[in-house]
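What follows is one structure encoded as structure tokens, with my remarks underneath.
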Amino acid sequence: MKTEKRRAFIIHFLYFIIILSVSFAVIKYALPMLSPFVIAFLIAYGLKGPVTFLSRKMNLNPKITAILSVLLFYCTIGLLITLLSVKAFSSFSLLIGNLPGIYAYHVEPVLKGLFDTVGQSALHIDASLLSAFDEIEGQFVQSLGQMVSNLSMEAMGWISGFASSLPGLFIKMLLMIISTFFIAADYDQLTGFCLRQFDQKTMNIILQVKEYVAGTLFVCIRSYALIMSITFLELALGLTVIGVNRSLLIAFLISVFDVLPVLGTGGIMIPWTILTALQGNYPLSAGLLTVYLIITVIRNIIEPKIVGSQIGLHPVVTLSSMFVGAQLFGVLGLFGFPIGLSLLRHLNDNGTLRVYKTGL
């Protein structure tokens, strides 16, 4: 009896290991290669509701309505992305190119003044320390200047590399656009053909997964919109209190930047705090640091609870899955892992799959 249980456990364990390995390989390697077609399918799925509505209201052929809807979608999105990309690319290139000048005219004088102040204090203590301190100062300023120059050159190289990759990106975008037209025009036939390749039980699981993931994605978007709103209110209040001009506009821009998982609020607040301190405005620097710390603490408290409560996971599970997902798959894993665990919980609770035991 014990041997049979152990054999069953080993079989189930190996089964789940194989499933996880295949899923990892698909997400890590196959998904990037098929990304134009996956994105095209998602866009066609998102346009399915408007296409159905317009074809009924305007009494048009569904295929014609789908083609016109996709055309309108890409024209609108393409125009917005083009305008924003050109502006952002030119501004970023200008900033990176001016980094050495910004360092030479703004940062280096502040550093030298700071070192001179410390050097005078060292002179009062021991005159022999002054020469050693001057040597350290020169090496530090030179190394920092070289680092800024190298950073500027590397960034310009990255921009050049990105520009050289544009032909490949253009081909992928062209494939995505063409695929979207074909998928949107024959969406029901394509999805129906794919579903007919499975038995009834597997088909029911796929439909449940589709409905739940679509609903959960909407919930996650709503959750992060709520977090962004809370961050905006905190920033607006904190920046107003410490006397920052145009606090509402700055708070809005930082809260939008906060959606980025790697950079977040600290991507703007920390450099801002350091530069303000180097310029000698210590009260403002302390105020910015205080605002950033408060926002960070509140964010780490509310994010697992808001996202976890929305998708039905414990905050610890949500936080750990977000961390593991971000380490393995970046932004995709950051959002995908909590949704995947929430999906497993949903399928387990309604009896579709038996992943773990429930109850006290």
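The values are calculated or read from the model by the stated rules, or taken from the named source; none is laboratory data. Because the structure is predicted, anything quoted here is derived from the model rather than measured. Cβ sites come from the backbone with ideal geometry, for glycine too, and all protein chains shown count toward neighbours. Calculation scope for accessible area: heavy atoms of the full protein, side chains included, ligands and nucleic acids excluded. Shrake-Rupley method; radii C 1.70, N 1.55, O 1.52, S 1.80 Å.
Test of understanding: among Ile171, Ile254, which residue is touching a Ser or Thr at 6+ places or on another chain (Cβ under 7 Å) and of a type in the set (A, V, I, L, M)?
Working: Ile171 fails: touching a Ser or Thr at 6+ places or on another chain (Cβ under 7 Å).
After applying the criteria, what remains is Ile254.
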Among the numbered criteria (1) within 30 Å of the chain's Cα centre (by Cα); (2) modelled with pLDDT under 85; (3) among the hydrophobic types (A, V, I, L, M, F, W, C), which one does Leu72 miss?
(2)
What do you reckon, is Val291 within 25 Å of the chain's Cα centre (by Cα) and surrounded by 14 or more Cβ atoms within 10 Å (Cβ to Cβ)?
yes
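Picking from Val213, Val256, Val244, which residue would you name as being touching a residue at least 12 places away in the same chain (Cβ under 8 Å), open to solvent by less than 50 Å² (accessible area, probe 1.4 Å) and part of a helix (DSSP H, G or I)? Reasoning before the result, please.
On the way: Val256 fails: open to solvent by less than 50 Å² (accessible area, probe 1.4 Å); Val244 fails: part of a helix (DSSP H, G or I).
Just one listed residue meets the conditions, Val213.
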From Leu293, Leu275, which residue is within 22 Å of Gly243 (Cβ to Cβ), in a helix (DSSP H, G or I), at pLDDT below 80 and not small (Gly, Ala, Ser)?
Leu275
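Check the stretch 46-57 and report whether any residue there is among the aromatic types (Phe, Trp, Tyr), in a helix (DSSP H, G or I) and closer than 24 Å to Phe337 by Cα. Walk me through it before giving the result.
Our first condition is that a residue be among the aromatic types (Phe, Trp, Tyr); within the stretch 46-57, this holds for 53.
Filter once more, keeping what is in a helix (DSSP H, G or I): 53.
Now drop any that are not closer than 24 Å to Phe337 by Cα, which leaves none.
So far as the stretch 46-57 goes, no, none of its residues is among the aromatic types (Phe, Trp, Tyr), in a helix (DSSP H, G or I) and closer than 24 Å to Phe337 by Cα.
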